[in-house]
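Novice: Just dropping this structure here.
The values are calculated or read from the model by the stated rules, or taken from the named source; none is laboratory data. Note that the coordinates shown come from a computational prediction; the quantities given were computed from them, not determined experimentally. Here Cβ is always computed from backbone atoms with ideal geometry, including for glycine, and neighbour counts include all displayed protein chains. Only protein heavy atoms, including side chains, enter the accessible area calculation; ligands, DNA and RNA are left aside. Shrake-Rupley method; radii C 1.70, N 1.55, O 1.52, S 1.80 Å.
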Amino acid sequence: MPKASPAAPPTVNAAIVRKDPHPKRPPDPAALVPWTNAVCRRPHVLATPEELDELRSRLERPVEAEMLRRLRERVELGRTKDRLPKKGETIADRTFTQWQGPAALLYALTGDPQALAFARDATLALARANAGDASHDLSAAQALASLAWSYDLLHDQWSGAERREILDFAREFGTGFFSLTATPVCYWAGILLQNHCHVAWTGIGLAGMGFYGEIDQAAEWARWAHRTYRTIAWLQPPDGTNLEGPSYGAYGIERRLMYYESAKRCIGEDLYNKADARAAQWFLHQTLPDPKPFRNALRWGDTPEHFDWHGPAHSLFALAKRFKDPVAQAQALRFWRRKVGLARNLLFLDLLYYDPKVPEGNLEEQPGSRHFEDLDLVCARSSWKEDATVVSFLCGPYQGHRVMRVGSGDLGGAHCHADTASLQAYSRGEVLLADPGYEHFKRTEHHNTVLVDGHGQLGEGTKWFNVNRVLHFNGTAEVLAYRDEPAATAWVGEAARIYVPEAGLLRFRRHVYYARPDLLVVYDDLEAQEPRVFTQLWHAESAFAAQPDGRWGFVQGGAALSLRALAVGGQDGDLKVTARHQDLPDMSEPGRSQYELRVESPRVKAWRFATAIAFGDAASGVPGLSAHANGAEVSIESGPGAPRTVRFALDGSEAPTA
């Protein structure tokens, strides 16, 4: 077994303070789970009779009327286009489970007879499916939630025989899924920060609340779910981030909030906490400047470039309602107006979570940059305009600092990537420094970071992020310093300890200086135990073309990029710069590829890369950019922000200055 790489030299940085708002000890699993009187009346899982009456009183207002119109349209699509499960069919398709709740709510709000008929048909078809196979966790959990919603909302619409049929199925199917989850026999039970765990326990918990008093086991399902969710809530990153990235992160968040909302009503305990209050900021800074359906999010982790499958409007409406947060409300309404997530299964939750009493904030008044200290995620943008430039950087422990401190083992990192110290950039509606997206085989070489003699980071080499190897070798990383000023945002990350031991890496300190709106300067300081070839990687959706003066660049859509790899004065040897087309064979989206620019050092023990990158308008062509590097300084002579000299504190004690 190879030895772990030695830790990088310690750096003291008082500027980064990682606050922990949670109690030091996890919740007591033996603590009582109470019940409220709400569970003695119907309905109570999605809403009480009083809440439904209040919502009906608002249905003619513009926002609520449009939400209702979209709900009708969605239910009609299911009624006329989709198929329901056949008798005895295994519930392995989530489309079987997506119509019961929306149709039941539409009937409860409007009395629409077609909605009632469809809700009844969809619920009974689900109850006649194969009750003996609950092994497809995402479908099984949603089936339980959907049954609980429709059974509860339509409680007085079932005949005695239909009621017995639904209860018999829910008892057998729910017991099977609960057994798989609580024992725990299946992987999703204990990964408390991962979407599969949240989906599972939400389904079990909602079934427990929905069938309370009518299925003997139901109260115990809810108690187990609630005790688990107490711990899940306690584990949430203090900065509101999610280790799974935008898409899967939105999935987990929506399921947590679905459970929290019902638990407040039925159990009388509010599981929202300060971490949830900060989640709206994470959504805000992961969102592209010009969000549109299926193209609206940065691509950290196994994620497409959107939130659409899981909102995020309904989750943001819930956060806005709970915390009276105008910023969350503004984001939710922006996504909703732009029809992001219009095809999502849980669109009907918009009506239930939207609170018109929360004012809509002005997003343009929000700071353009943020360092999320727990995950060590940095996001910086030029403005909140549609054509803004966004730069993002990730350089922390894959589960976040707090979980690595209070937890033991992996709590849900399968969808992470081996991309520590990678950068992404988006400008003028185009991805200019690209992330590959959902990888079925994790590779460091697909990201905008560094290889050491071809070696990458500990998490690579498997379909799911190689959490066991990361934990075995205590792989970690950290943002050492961060500074945000009106003209520029700058930071330093240390990533040596996340590389495989074979790399023998002692130091990988990436200094980044982003000058608004269009200049990015990156300075990589590397050292290994033995002479190595260090390779700095840059990726894009367009080919890097060599320019006559030594720059590389491209024009893409309405944007353009220029990159200059600089020789740092005082180093022996020359840089080797090559461009190639890179196939991405192991992706969830077949046929994906990207373009790569490789900047290689000679074989040395230590090397410093200095890179200047400019963004610009396509109409002006590849941006002009002239610069040189000497020691710990990079001077920009022409191009965006010129003239300017950027200085780097090589010990990592300060973010770059100019």
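Novice: When only residues in the range 519-535 that are acidic (Asp, Glu) and more than 14 Å from GLU633 (Cα to Cα) count, which is most open to solvent (accessible area, probe 1.4 Å)? If you could, list the steps in order and put the result at the bottom.
Specialist: Of all residues in the range 519-535, those acidic (Asp, Glu) come to 524-525, 527, 530.
Cutting the leftovers down to more than 14 Å from GLU633 (Cα to Cα) gives us 527, 530.
Working: GLU527: 55, GLU530: 106 Å².
Within the range 519-535, the match that is most open to solvent (accessible area, probe 1.4 Å) is GLU530.
Novice: Please report, ordered by residue number, the strands (runs of 3 or more DSSP E) entirely within the range 586-658 with at least 1 residues that are in contact with a helix residue (DSSP H, G or I) (Cβ under 9 Å, 6 or more places away or on another chain).
Specialist: On the way: elements: 593-617, 626-630, 633-638, 644-647.
The qualifying strands (runs of 3 or more DSSP E) are 593-617.
Novice: Which one of these does ALA543 not meet: (1) in a strand (DSSP E or B); (2) open to solvent by 30 Å² or more (accessible area, probe 1.4 Å); (3) aliphatic (A, V, I, L, M)?
Specialist: Here ALA543 clears every test but (1).
Novice: Answer with yes or no whether ASN474 is open to solvent by 10 Å² or more (accessible area, probe 1.4 Å), outside any strand (DSSP E or B) and within 16 Å of ALA496 (Cα to Cα). Reasoning before the result, please.
Specialist: Working: open to solvent by 10 Å² or more (accessible area, probe 1.4 Å): yes; outside any strand (DSSP E or B): yes; within 16 Å of ALA496 (Cα to Cα): yes.
Yes.
Novice: Which residue is nearest to ALA490 (Cα to Cα), if the candidates are limited to the range 390-424 and must be in a strand (DSSP E or B) and among the hydroxyl-bearing types (Ser, Thr, Tyr)? Please lay out each step first, then the result.
Specialist: Step one: of the range 390-424, the residues in a strand (DSSP E or B) are 390-394, 422-424.
This time we only want the ones that are among the hydroxyl-bearing types (Ser, Thr, Tyr), so: 392, 422.
On the way: SER392: 11, SER422: 15 Å.
Per the stated criteria, the residue is SER392.
Novice: Looking at the range 325-339, can you tell me whether even one residue there is open to solvent by less than 10 Å² (accessible area, probe 1.4 Å) and among the basic types (Lys, Arg)?
Specialist: no
Novice: Please work out which one of (1) crowded, with 24+ Cβ neighbours inside 10 Å; (2) under 27 Å from SER383 (Cα atoms) is the condition PRO486 fails and give its number.
Specialist: Unmet for PRO486, out of (1) crowded, with 24+ Cβ neighbours inside 10 Å; (2) under 27 Å from SER383 (Cα atoms): (1).
Novice: Looking at the range 434-451, which of its residues are crowded, with 24+ Cβ neighbours inside 10 Å and aliphatic (A, V, I, L, M)? Show your work before the answer.
Specialist: Applying the first criterion (crowded, with 24+ Cβ neighbours inside 10 Å) to the range 434-451 yields 435, 439, 442, 444, 446-447, 449-450.
Listed by number, the list holds a single entry, VAL450.
Novice: I'd like the full set of residues that are hydrophobic (A, V, I, L, M, F, W, C) and either open to solvent by less than 10 Å² (accessible area, probe 1.4 Å) or not in a helix (DSSP H, G or I) (or both), limited to the range 87-123. First the steps, then the outcome.
Specialist: Step one: filter the range 87-123 for residues hydrophobic (A, V, I, L, M, F, W, C), giving 91-92, 96, 99, 103-106, 108-109, 115-119, 122.
ILE91, ALA92, PHE96, TRP99, ALA103, ALA104, LEU105, LEU106, ALA115, ALA119, ALA122 - these are the residues of the range 87-123 that are hydrophobic (A, V, I, L, M, F, W, C) and either open to solvent by less than 10 Å² (accessible area, probe 1.4 Å) or not in a helix (DSSP H, G or I) (or both).
Novice: Further, regarding this structure: If you take the residues in the range 70-84 that are assigned to a loop (DSSP other than H, G, I, E, B) and at pLDDT below 90, which one is nearest to LEU126 (Cα to Cα)? Talk me through it step by step, then tell me what you get.
Specialist: Kept after step one, since they are assigned to a loop (DSSP other than H, G, I, E, B), are these residues of the range 70-84: 82-84.
Applying the additional criterion that residues be at pLDDT below 90 yields 82-83.
Working: ASP82: 14, ARG83: 11 Å.
Applying the filter and picking the extreme gives ARG83.
Novice: Please go through the range 173-188 and give me each residue that is of a type in the set (Gly, Ala, Ser) and open to solvent by 10 Å² or more (accessible area, probe 1.4 Å), ordered by number. If you could, list the steps in order and put the result at the bottom.
Specialist: In the first step, residues of the range 173-188 are kept if they are of a type in the set (Gly, Ala, Ser); the result is 174, 176, 179, 182.
Within the range 173-188, GLY176, SER179, ALA182 meet the criteria.
Novice: Which of the residues that make up the range 494-508 are buried (at least 22 other Cβ atoms within 10 Å of the Cβ) and either closer than 23 Å to ALA414 by Cβ or at pLDDT below 95 (or both)?
Specialist: Scanning the range 494-508 gives ALA495, ARG497, ILE498, TYR499, VAL500.
Novice: I'm trying to understand the selection: among the residues of the range 205-230, which are touching a helix residue (DSSP H, G or I) at 6+ places or on another chain (Cβ under 9 Å), open to solvent by 10 Å² or more (accessible area, probe 1.4 Å) and outside any loop (DSSP other than H, G, I, E, B)?
Specialist: If we filter the range 205-230 for residues that are touching a helix residue (DSSP H, G or I) at 6+ places or on another chain (Cβ under 9 Å), which is where we start, we get 205-226, 228-229.
Then keep just the ones that are open to solvent by 10 Å² or more (accessible area, probe 1.4 Å); that gives 212-214, 216-217, 219-220, 223-224, 228.
Matches in the range 205-230: ALA219, GLU220, ARG223, TRP224, THR228.
Novice: Let me ask you something else. Among the residues of the range 147-204 satisfying the criterion of being hydrophobic (A, V, I, L, M, F, W, C) and outside any helix (DSSP H, G or I), which is farthest from TYR260 (Cα to Cα)? Give the steps one after another, and end with the answer.
Specialist: Filtering the range 147-204 for residues hydrophobic (A, V, I, L, M, F, W, C) gives 147-149, 153-154, 158, 161, 166-167, 169-170, 173, 177-178, 180, 182, 185-186, 188-189, 191-193, 197, 199-201, 204.
Going one step further and asking which of them are outside any helix (DSSP H, G or I), we end up with 154, 158, 185-186, 191-193.
Numbers: LEU154: 22, TRP158: 28, VAL185: 25, CYS186: 24, ILE191: 19, LEU192: 15, LEU193: 15 Å.
Among residues in the range 147-204 that are hydrophobic (A, V, I, L, M, F, W, C) and outside any helix (DSSP H, G or I), the one farthest from TYR260 (Cα to Cα) is TRP158.
Novice: Further question: From the residues in the range 231-279 that are more than 23 Å from GLY301 (Cβ to Cβ) and not in a helix (DSSP H, G or I), which one is most open to solvent (accessible area, probe 1.4 Å)?
Specialist: Within the range 231-279, the match that is most open to solvent (accessible area, probe 1.4 Å) is ASP270.
Novice: Then there's this: In contact (Cβ under 8 Å) with a residue 40 or more places away in the chain, among the aliphatic types (A, V, I, L, M), open to solvent by less than 10 Å² (accessible area, probe 1.4 Å) and outside any loop (DSSP other than H, G, I, E, B) - does that describe any residue in the range 363-370? Show your work before the answer.
Specialist: Going through the range 363-370, the residues in contact (Cβ under 8 Å) with a residue 40 or more places away in the chain turn out to be 363, 366-370.
Cutting the leftovers down to among the aliphatic types (A, V, I, L, M) gives us 363.
Keeping just the survivors that are open to solvent by less than 10 Å² (accessible area, probe 1.4 Å) gives none.
No, there is no match, as no residue in the range 363-370 is in contact (Cβ under 8 Å) with a residue 40 or more places away in the chain, among the aliphatic types (A, V, I, L, M), open to solvent by less than 10 Å² (accessible area, probe 1.4 Å) and outside any loop (DSSP other than H, G, I, E, B).
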